[in-house]
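Accompanying notes for the structure given below.
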Amino acid sequence: MTPNSISAQVADLSAAASQFTGDGDTLNQAVAQWSNALNKLGEFWGTEANGPEFGATYQPLAAQVLAAANLTVQVLRGIGDGLRQMGQRYNITENQIQAALDDIRANLSNGKLHG
């Protein structure tokens, strides 16, 4: 392979797709745990002293953390799906090219095409 070329193996794309999807699933499970933990950490603020002020600051920040983590889950799963689709399309294209080459070879050997 030269520095200006690219080599794509369908099996490599499939393996990478599975890794991204699996990482997205793992992160999704962690986000569920984080959500519970963040909610429990924020339960104590109550109504006395600085509690309501803390709660007003804490709740939006916890929500932002969870939203960012959920977005990351979607991105990881999206990358996995995109790689999987790319591999399927490469496979279809390879099969079409092989069929065209086989047809050309058959026509050459039958004398239908002249080299």
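The values are calculated or read from the model by the stated rules, or taken from the named source; none is laboratory data. Keep in mind that what you see is a predicted model, and the values were worked out from it rather than measured. Neighbour counts run over all protein chains shown; Cβ positions are idealised from the backbone, glycine included.
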The conditions are (1) in a helix (DSSP H, G or I); (2) more than 23 Å from Asn91 (Cα to Cα), and Asp12 fails exactly one of them. Which is it?
(2)
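What about Leu27, is it farther than 16 Å from Val75 by Cβ and in a helix (DSSP H, G or I)? Please lay out each step first, then the result.
On the way: farther than 16 Å from Val75 by Cβ: no; in a helix (DSSP H, G or I): yes.
So Leu27 fails the test.
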I want to confirm something. Restricting to segment 42-66 and keeping residues that are over 39 Å from the mean Cα position of the chain (by Cα) and surrounded by fewer than 10 Cβ atoms within 10 Å (Cβ to Cβ), which single residue is modelled with the lowest pLDDT?
Thr47
With (1) more than 13 Å from Val31 (Cβ to Cβ); (2) touching a Leu at 6+ places or on another chain (Cβ under 8 Å) as the list, and Leu66 as the residue in question, which single condition is left unmet?
(1)
Expected output for segment 81-104 (first residue in contact (Cβ under 8 Å) with a residue 12 or more places away in the chain, partner in a helix (DSSP H, G or I) and β-branched (Val, Ile, Thr), Cβ below 7 Å, 6+ apart or cross-chain) is Gly87/Val10; Tyr90/Val10; Asn91/Val10
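Any idea how many residues of segment 67-108 are among the β-branched types (Val, Ile, Thr) and either loosely packed, with under 13 Cβ neighbours inside 10 Å or more than 29 Å from Asp23 (Cα to Cα) (or both)?
First, pick out the residues of segment 67-108 that are among the β-branched types (Val, Ile, Thr): 72-73, 75, 79, 92-93, 97, 104.
Pick out the ones that are also either loosely packed, with under 13 Cβ neighbours inside 10 Å or more than 29 Å from Asp23 (Cα to Cα) (or both) and you get 92-93, 97, 104.
The number of residues fulfilling the criteria is 4.
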